[in-house]
1. How much length is gained if the chain between HIS105 and LEU86 is pulled fully straight, taking 0.36 nm per residue apart and subtracting their Cα-Cα distance, in nm to one decimal?
2. Across segment 19-28, in residue order, what do the Karplus-derived ³J(HN,Hα) couplings come to in whole Hz, using 6.51 cos²θ - 1.76 cosθ + 1.60 with θ = phi - 60° and x for Gly and Pro?
3. What would the Debye equation give as log₁₀ I(q)/I(0) for the chain at q = 0.14 Å⁻¹, counting only Cα atoms as equal point scatterers?
4. Counting other C-beta atoms within 10 Å, and keeping those with at most 13, which DSSP coil chymotrypsin sites (Phe, Trp or Tyr not before Pro) do you find in segment 98-141?
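Each value in this text was obtained by applying a stated rule to the coordinates, not by laboratory testing. Every value quoted in this text rests on a predicted model; they were computed, and no experiment measured them. Note that we place each Cβ from the backbone using ideal geometry, even for glycine, and neighbour counts take in every protein chain shown.
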Amino acid sequence: MNRSTLVETIVAAKLRKGLSWAEIAQAIGRSEVWTTAALLGQMSMSLEEAKAAGELLELDADAVALLQVYPSKGALGMTVPTDPLLYRFYEIQQVFGTTIKELIHEKFGDGIMSAIDFEMAIEKVPDPKGDRVKIVMNGKFLPYRKW
């Protein structure tokens, strides 16, 4: 079994069991965002987390073992995403990327926001004009060092 086959198996089990990502995350003891990323092949799980996921989703021993392997992160490749939802994030980065960079540098100095020491939350915000998506990203600031 490879990672893409494992992801298909996990999604099929999730659908078959009628589970939400939040319910799976609760059973594993991690956040909804982290758990979803892990089960979609972007994070590695501890033995305990992998066993909990395997039990809930009825995965075999090979799948549980694969959940513990360090993945090659970055599933989108180098091309512009064509999925409309993913493309909007690319569009946001194209339009607001330099603004985000400039404001982070102004407030923190020369450095980056960590994607390793990082948290994210996704919320649904009711609005009479149409529900809104609220995404909060929280990453440690890592200054570039001089030597």
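1. Numbers: separation 19, 0.36 × 19 = 6.84 nm, distance 2.59 nm.
Additional length available on full extension: 4.2 nm.
2. 8, 9, 4, 4, 5, 5, 4, 4, 5, 7
3. Debye output, listed in q order: -0.87.
4. Working: sites: PHE108, PHE118, PHE141; in loops: none.
Sparse-neighbourhood loop chymotrypsin sites (Phe, Trp or Tyr not before Pro): none present.
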